[in-house]
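Colleague: The structure's right below; bear with me while I get my questions together.
Coordinate-derived values only; no laboratory data. Nothing here was measured: the structure is a model prediction, and the numbers come from that model. Every residue, glycine among them, receives a Cβ derived from its backbone with ideal geometry; neighbour counts consider all protein chains shown.
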Amino acid sequence: MTSRAAGIRYARALFDVALKESDVRQVGADFADFAGIVAGNETLSRVLSNPAIPAARKRGVVDQLLATAGSVPPVVAKLLRLLADRDRLVLLPEIAAAYRERLMQHEKVIRVEVVTAIALPADRVVALQLRLALATGRRPEDVHLETRVDSSIIGGAITKIGSTVYDGSVTRQLEKMKDTLVAAAT
C-alpha cells in the first residue's frame, strides 16, 4: 500500500471518530499543527521517520510533545500514539492533507484553482468567486479560490474545479488552431 493510500485510510478513520466524538474542525487543526511542528523541525522529523529508532522511543517523543502541547483532543492524541507504536509517523503529512480534503467534502467546500497570465486584481478575484459559487450552487464562502500566475499561457485562464480542468488559455486556443490547420492541409 502506498503512503498516500495509508494516509487516506488513517485520515478517514480519524474523521469518522471525530465526527462522532469531537469537533471535526478542531481535530483537523490540531492534527495539522502537530504535523506542521514535525515538518518544521528537521531534527524531530528525522528522528520520527528514522526506521532505526525503535517505535517505543518515538512513542516517548510523541508523549512528551503531547504533554507540552496542552489540550489536544483525545482522538488526535490516540492516533498520534498509535502511529508512533506502529512506526508510521512518516505518514503525518499525507494524513493531514487527506483529512483536510475529507473535511472540505463534508462541508461541501470546493477548491478552485485559476491560472492566468497576469495577476488578477482583488475585485476580479471576488467577482470570479461569486460567479463560481453561483455556477456550482454553493455559497461564496464555500468556494476556496486560489489564483496563480503562469505567463506561459499568454492570456486567458485555466480553471480547475475539483478534478475538472477548463482550459481557456490563449496557448490552448493556438494549439487547437494549429491542429485544425494541419488536419485541413492533409
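Colleague: What net charge is computed for the residues neighbouring ALA67, neighbours being all others with C-beta under 13 Å from the C-beta of ALA67, Lys and Arg scored +1, Asp and Glu -1?
Modeller: Summing Lys/Arg as +1 and Asp/Glu as -1 gives +1.
Colleague: Please build a GNM for the chain, connecting alpha carbons under 10 Å apart, and tell me which residue among VAL61, VAL170, VAL24 fluctuates the most.
Modeller: Fluctuation is largest for VAL170.
Colleague: Any idea what the dipole of segment 90-130 comes to, in debye rounded to 20, about its Cα centre with Lys/Arg Cβ at +1 and Asp/Glu Cβ at -1? Don't skip to the answer; put the middle values down first.
Modeller: Working: 5 positive and 5 negative charges, 16 e Å.
Its charge dipole is roughly 80 debye.
Colleague: Divide by every residue of the chain the summed helix terms, -39500 (n - 2.57) for each DSSP H run of at least 4, and state the resulting mean residue ellipticity at 222 nm, rounded to the nearest 500 deg cm²/dmol. Display every interim value, and only then the final one.
Modeller: On the way: 8 runs with 117 residues, N = 186.
Taken over the chain, the calculation gives -20500 deg cm²/dmol.
Colleague: Testing the spin-label approximation: label points 7 Å from Cα along Cα→Cβ at LEU130 and SER49. State their distance in nm.
Modeller: 4.4 nm
Colleague: Rounded if a/c is under 1.5, else prolate if a/b beats b/c, else oblate: with a ≥ b ≥ c from the C-alpha gyration tensor eigenvalues square-rooted, which is segment 37-90?
Modeller: Oblate shape, in that a/c is at least 1.5 and b/c is the bigger or equal ratio.
Colleague: When the dipole is taken about the Cα centre of the chain, and only Lys, Arg (+1) and Asp, Glu (-1) are charged at their Cβ, what size is it in debye, to the nearest 20?
Modeller: Details: 26 positive and 21 negative charges, 78 e Å.
So the magnitude is around 380 debye.
Colleague: Under 10 °C and 1.306 mPa s, how fast does segment 66-168 diffuse according to Stokes-Einstein, given a Kirkwood radius computed over C-alpha pairs? Answer in µm²/s, whole number.
Modeller: 97 µm²/s
Colleague: Another question, then. Sorted from fewest to most neighbouring beta carbons within 10 Å, what does the list THR164, THR171, THR159 look like?
Modeller: Details: THR164 7, THR171 16, THR159 19.
The fewest-first ordering by Cβ neighbours comes to THR164, THR171, THR159.
Colleague: Defining a contact as two alpha carbons under 8 Å apart and six or more residues distant in sequence, what relative contact order in percent does the chain show?
Modeller: Across the chain, relative contact order equals 21 percent.
Colleague: For a quick check: sort TYR10, TYR99, TYR166 by the number of other beta carbons within 10 angstrom, fewest at the front. Please report the intermediate quantities before stating the final value.
Modeller: Numbers: TYR10 22, TYR99 25, TYR166 11.
Going from least to most buried by this count: TYR166, TYR10, TYR99.
Colleague: Tell me the angle of helix 24-40 to the major Cα principal axis of the chain, expressed in degrees between 0 and 90 and rounded to the nearest ten.
Modeller: The angle comes out at about 80 degrees.
Colleague: Work out, step by step, the length gained on full extension between LYS20 and ASP167: first 0.36 nm times the residue separation, then minus their alpha carbon distance; give nm to one decimal.
Modeller: Answer, rounded to one decimal: 48.8 nm.
Colleague: Which of rounded, prolate, oblate describes segment 3-105, given a ≥ b ≥ c as roots of the alpha-carbon gyration tensor eigenvalues and a/c under 1.5 marking rounded, otherwise prolate only if a/b is larger than b/c?
Modeller: Details: a/c = 1.76, a/b = 1.43, b/c = 1.23.
Verdict is prolate for segment 3-105.
Colleague: Compute log10 of I(q)/I(0) for the chain with the Debye formula, placing one identical point scatterer on every Cα and leaving out solvent, at q = 0.10, 0.17 Å⁻¹, to two decimals.
Modeller: Evaluating at q = 0.10, 0.17 Å⁻¹ gives log10 I(q)/I(0) of -0.59, -1.05.
Colleague: For helix 55-69, report the angle its Cα long axis makes with the longest principal axis of the Cα atoms of the chain; keep it between 0 and 90° and round to the nearest 10°.
Modeller: Helix 55-69 sits at roughly 80 degrees to that axis.
Colleague: Ok, one more. For the chain, find the longest principal axis of its Cα atoms and tell me its angle to the long axis of helix 3-21, 0 to 90°, nearest 10.
Modeller: So the helix axis and the longest Cα principal axis differ by about 70 degrees.
Colleague: Now, a different point. Name the residue from PHE34, LEU181, LEU89 whose Cα lies farthest towards the positive end of the charge dipole of the chain, charges +1 on Cβ of Lys and Arg and -1 on Cβ of Asp and Glu.
Modeller: The listed residue farthest towards the positive side: LEU89.
Colleague: Separate question: For segment 124-186, restrict the atom set to alpha-carbon positions and state the Rg and Dmax in Å.
Modeller: Answer for segment 124-186, Rg first and Dmax second: 15.4, 51 Å.
Colleague: Can you tell which of GLN26, GLN64, GLN129 shows the greatest fluctuation in a Gaussian network model of the chain with Cα springs below 10 Å?
Modeller: GLN64
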